[in-house]
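Asker: One structure, pasted below without further comment.
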Amino acid sequence: MIYEKFTRDYICFLDTHFNIQEHVFYVIGKNDSGYPVDGLLNVVKINSHWSLPGLIKGLLFADKIILHGLWHPVMIRLLLLMPWTIHKCYWMLWGGDFYFPDKEPAYKKKLIKRIRHFVGFIRGDFDFICTNYGAKGVFHECILYPVVFAEDTQTVAETKSNNEDLKILVGNSADPSNNHLEIFQKLTAFTGSNFELFVPLSYGNDGHALNVIEEGRAKFGNKLKPLQQFMSFESYKQLLQSVDIAIFNHKRQQGLGNIVQLLSNGKKVFLRKDVTTWGLFTDLGVKIYDIEELNLEPIDPTIAKENIHLVRQYFNELNYIRQLEQLFEVKSKEK
């Protein structure tokens, strides 16, 4: 694993629901990310070449090797130098670690072609890897991290009164991959409508964030509500519960936790049809909306309630535990 916002919650979840003594977590990199793992059981920090012998021993003796994203070049090279370990590798597919095959080094492509186990819950991501990297193997369906659980509230979208502003959310970060400016251009068709435009910009590319604010102010004036300060998880959930329409213009799978939270609260969500996330939700029977047909009409309450039911039925703790049991081939403490 690398130090990320999911790392600690994932380890704690396994400690709660499984026998933590059956797992060892190798966290690679320098602990300067703001996501510490101090005090957690069975965590080994790999932060220098002096740490590598312990990692190599772990790779040799593990029954399964679960790769949380294929990011670190040292890890990739180690596996290529130990090809007899690759057959027991299970790669948790993140997205950014494979969506740009033209930019990936040859040695990483070589490893991807040899991996035989792929873990995720978006079948389209696995299909993408098979098409673009020549990979072959087994797809293991599993919600990757507990942060993707649907919100268990009774919130259902309500029709706004004519004099009440719609709350619109655009994107999930200041990363240019949100393609904010394309959405701003589409929204200029509705400048006569009453709405507030919330744009999360607290992390990502600072230069892009400033550009987004400048363009947004020019087009929408005070309707633009840039969110530049980091919000607590609870505050951010409250924001998601308050919006009416959310627009995600990513060309690859991103912001999935946000999308699940929004749908589980009956919100209207617009996505690109060519992103793998579209296939995930349509396969589940969830109604999502095409960005190319962008409108500010409220979601039909019947559709909102059905979306809430379908999303909560899949993205919940019990289903996640069942999927992890199949991945680990062991029973959880609940059983």
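The values are calculated or read from the model by the stated rules, or taken from the named source; none is laboratory data. Bear in mind the structure is a predicted one, so any value in this text is a computation, not a measurement. Glycine gets a Cβ as well: all are built from the backbone with ideal geometry, and neighbour counts include every protein chain shown. What goes into the accessible areas is simple: the full protein's heavy atoms, side chains included, and nothing from ligands, DNA or RNA. Shrake-Rupley method; radii C 1.70, N 1.55, O 1.52, S 1.80 Å.
Asker: Residues with beta-carbon under 15 Å from that of residue 30, excluding residue 30: net charge, scoring Lys, Arg +1 and Asp, Glu -1? All intermediate terms of the calculation are to be shown ahead of the outcome.
Answerer: Numbers: positive: 45; negative: 4, 32, 38.
Around residue 30, the surrounding residues sum to -2.
Asker: So what does the Cα-only Debye profile of region 209-333 read at q = 0.16 Å⁻¹, as log10 I(q)/I(0), no solvent term?
Answerer: Debye curve over Cα of region 209-333, log10 I(q)/I(0) at q = 0.16 Å⁻¹: -0.93.
Asker: A further question on this structure: Roll a 1.4 Å probe over the protein heavy atoms and report the accessible area of residue 6 in Å², nearest 10.
Answerer: Its heavy atoms expose roughly 50 Å² to the probe.
Asker: How large is Rg over Rh for the chain, taking Rg from the Cα atoms and Rh as the Kirkwood inverse mean of 1/r across Cα pairs? Kindly include the intermediate steps, with their values, before the conclusion.
Answerer: Working: Rg = 21.2 Å, Rh = 21.5 Å.
Rounded to two decimals, Rg over Rh is 0.98.
Asker: Region 225-279: which trypsin sites (Lys or Arg not before Pro) are DSSP loop and have at most 13 other beta-carbon atoms within 10 angstrom? Write down the numbers at each step before the final one.
Answerer: Values: sites: 237, 251, 252, 267, 268, 272, 273; in loops: 251, 252, 267, 272, 273.
Counting only loop positions with at most 13 other Cβ atoms within 10 Å, the trypsin sites (Lys or Arg not before Pro) in region 225-279 are 251, 273.
Asker: Can you give the accessible area per residue of the chain, in Å², using a 1.4 Å probe?
Answerer: Working: 16300 Å² over 335 residues.
About 49 Å² of surface per residue is accessible.
Asker: Among 56, 299, 168, which one moves the most in a GNM of the chain with springs linking Cα atoms closer than 10 Å?
Answerer: 56
Asker: Which Cα, out of 245, 178, 69, lies furthest along the positive dipole direction of the chain (beta carbon charges, K/R +1, D/E -1)?
Answerer: After comparing all options, I get 69.
Asker: Is the shape of region 272-335 rounded, prolate or oblate, going by the alpha carbon gyration tensor and its root eigenvalues a ≥ b ≥ c, with a/c under 1.5 for rounded and a/b larger than b/c for prolate? Let's see the in-between values first.
Answerer: Working: a/c = 4.87, a/b = 2.12, b/c = 2.29.
Oblate, since a/c reaches 1.5 and b/c is not below a/b.
Asker: Next up: Relative to the compact-globule scaling 2.2 N^0.38 Å, provide the ratio for the alpha-carbon radius of gyration of region 21-98.
Answerer: Working: Rg = 12.5 Å, N = 78, 2.2 N^0.38 = 11.5 Å.
Normalised Rg, Cα atoms only: 1.09.
Asker: Here is the link list: 45/108; 103/251; 167/225; 108/251; 267/305; 219/273. Which ones come out longer than 20 Å on Cα distance? Don't skip to the answer; put the middle values down first.
Answerer: On the way: 45/108 23 Å; 103/251 16 Å; 167/225 10 Å; 108/251 22 Å; 267/305 10 Å; 219/273 26 Å.
As for pairs spanning more than 20 Å Cα to Cα, those are 45/108; 108/251; 219/273.
Asker: Below 8 Å between Cα atoms, with a sequence gap of 6+, how large is the relative contact order for region 138-267 in percent? Don't skip to the end; give the middle numbers.
Answerer: Numbers: 178 pairs, mean separation 49.7, N = 130.
Relative CO of region 138-267 lands at 38 percent.
Asker: If you stretched the chain out fully between residue 30 and residue 222, how much longer would it get, using 0.36 nm times the residue separation minus the C-alpha to C-alpha distance? Mind dumping the intermediate values first?
Answerer: Details: separation 192, 0.36 × 192 = 69.12 nm, distance 4.10 nm.
So the chain would gain 65.0 nm between residue 30 and residue 222.
Asker: Can you give me the convex hull volume of the Cα atoms of region 1-151, divided per residue and expressed in Å³?
Answerer: On the way: hull volume 19.3 nm³, N = 151.
That works out to 128 Å³ per residue.
Asker: Still on this structure, please answer the following. In whole percent, how big is the carbon plus sulfur part of the accessible area of the chain, probe 1.4 Å, protein atoms only? Don't skip to the end; give the middle numbers.
Answerer: On the way: 8300 of 16300 Å².
C and S fraction of accessible area: 51 percent.
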